[in-house]
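Notes to accompany the following structure.
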């Protein structure tokens with residue numbers, strides 16, 4: 001919760017429409033990550049969660065984990081945008 005609170009306070013708002021994470025932490029179990037993101041939504045600090053810059057299979061696994069727990073799905077940035085960002089970071 002501290003991470004989203006740190007983003008909300010300077011913005012002067014109580015919530016965001018989309019709380020999107022950009023890097024997957026492979027050392028944290030997927031269930032723990034999805035549970036934490038769900039808690040952000042349940043607390044009313046974000047209306048929806050999303051992800052970018054990850055493999056499609058990892059995003060599908062996260063969606064499956066959320067679905068199995070009865071949580072609504074998140075969103076994912078389109079592949080073109082993600083590919084463009086990766087190319088930009090690498091200097092291509």
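Taking the fewest neighbouring Cβ atoms within 10 Å as the starting point, the ordered list for 13, 33 is 13, 33.
Ordering 15, 55 by the number of other Cβ atoms within 10 Å of each residue's own Cβ, fewest first, gives 55, 15.
The fewest-to-most ranking of 37, 18, 8 by surrounding Cβ atoms within 10 Å reads 18, 8, 37.
Coordinate-derived values only; no laboratory data. This one's a predicted model, so the numbers in the text were calculated from it and none came from an experiment. Please note: Cβ atoms are built from the backbone with ideal geometry, for glycine as well, and neighbour counts cover all protein chains shown.
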